[in-house]
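What follows is a short report on a single structure.
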Amino acid sequence: MITWNPVTLTRCLLLGLLLSWPLTASGHDPGTGAVHDHQAGALFGQPEVVVKPGEWMQEKTGDFVPLDAIFKNERGEIVTLRQLVDRPTLLLPVYYSCPKLCSFDLANLADSIRRTGRPIGSFRVISMSFNADETPETAAMVKPNYIQLLATNFPENDWVFLTGDKDNILKVTQAIGYTFKKKDASTFIHPSALAVLAKNGQIIKYVYGSFLTGDVDLALFEAAKGTPATSIHQFLAFCFSSNPRQNQQVFEFIKMGAATILIIGGLFFLRLLHKKKSTQSDTNP
């Protein structure tokens, strides 16, 4: 039985607020599973974009990535996935000039790596740009921003930032079931997800959302065993727009939602407190 003390209630309120964030900000429809581009959509008086999650992420657990795919690392050296995937590996598709979600994904991943309980050197991290126009120079410029977030003893070479041509990019993204679409000259619509690979290139698991340390650690543990596992399904976030005015409107909307949750929670707590006092009065005449 749950004791509704202030600490428990506060935790429940915070959990509700966190769960409401992606539903509000990114417009997930829990009834249909569709994803709506509210940032460029009906919330702001513009046409709404509706996409089906299956069109963007199709889990291919148990399949293998093409280890012969060729890329360039941030130093401009030609490498294959076979050279890199020599241990459990986190493979994160992004594009380095992304003005929004990719930066959060990379920072969240860096924080998870910093907090990991897995031994340093026992796994590798690969960021792979799916923008064929990006170059090793772009990757080299971006990499230090996230390496500095890691523990000081984390080897820089254990997190590589790759760029490549369209054919090799598609070989990998299609192998892991990851879809992206160009929105305009400089932005892409894409999901937020990483694939966790065993050292032989087999896809073991997927991690979605904020890449929490516990989720990442568990996925790496399962990759070390080499046994494909069921992914922990979380909300599939999408990168759509970087319009500052639209983003500000989203934040205002979220703040109003958070205030409403706190008010309702406060009233609920007062009601429980009053009920408890009434019960105590009845039992202690």
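The values are calculated or read from the model by the stated rules, or taken from the named source; none is laboratory data. No experiment lies behind these values; they were computed from the predicted model shown. In this analysis, Cβ positions are derived from the backbone assuming ideal geometry, glycine residues included, and neighbour counts consider all displayed protein chains. For accessibility, only protein heavy atoms count, side chains too; no ligands or nucleic acids. Shrake-Rupley method; radii C 1.70, N 1.55, O 1.52, S 1.80 Å.
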- [ ] Please go through region 161-208 and pick out each residue that is within 27 Å of Arg114 (Cβ to Cβ), touching an Asp or Glu at 6+ places or on another chain (Cβ under 7 Å) and open to solvent by 10 Å² or more (accessible area, probe 1.4 Å).
- [x] Lys199
Open item on the list: Of everything in region 122-131, what is closer than 19 Å to Leu106 by Cα, of a type outside the set (Phe, Trp, Tyr) and either at pLDDT below 95 or not in a strand (DSSP E or B) (or both)? Give them in sequence order.
Closed with: Asn131
TODO: Go through region 174-205 and count every residue that is within 19 Å of the chain's Cα centre (by Cα) and either part of a loop (DSSP other than H, G, I, E, B) or closer than 14 Å to Cys98 by Cβ (or both).
DONE: 11
Task: Count - residues of region 130-142 that are open to solvent by less than 20 Å² (accessible area, probe 1.4 Å) and among the β-branched types (Val, Ile, Thr) - done: 1
Task: Single condition His274 does not satisfy, out of (1) at pLDDT 90 or above; (2) open to solvent by 30 Å² or more (accessible area, probe 1.4 Å) - done: (1)
Task: Criterion: touching an Asp or Glu at 6+ places or on another chain (Cβ under 7 Å), open to solvent by 60 Å² or more (accessible area, probe 1.4 Å) and more than 16 Å from Ala219 (Cβ to Cβ) - qualifying residue of Arg118, Arg75, Arg114, Arg82 - done: Arg82
TODO: Please state which one of Asn145, Asn153, Asn108 is assigned to a helix (DSSP H, G or I), open to solvent by 10 Å² or more (accessible area, probe 1.4 Å) and free of Cβ contacts under 8 Å to residues at least 60 places away in the same chain.
DONE: Asn145
- [ ] With respect to Pro66, determine if the residue is under 18 Å from Tyr206 (Cα atoms), more than 18 Å from the chain's Cα centre (by Cα) and touching a residue at least 12 places away in the same chain (Cβ under 8 Å).
- [x] yes
Open item on the list: For the structure I just gave you, tell me whether Pro228 is farther than 17 Å from Leu101 by Cα and crowded, with 17+ Cβ neighbours inside 10 Å.
Closed with: yes
- [ ] Considering each residue of region 156-172, count those that are in a helix (DSSP H, G or I) and either in contact with a helix residue (DSSP H, G or I) (Cβ under 8 Å, 6 or more places away or on another chain) or touching a residue at least 60 places away in the same chain (Cβ under 8 Å) (or both), and give that number.
- [x] 4
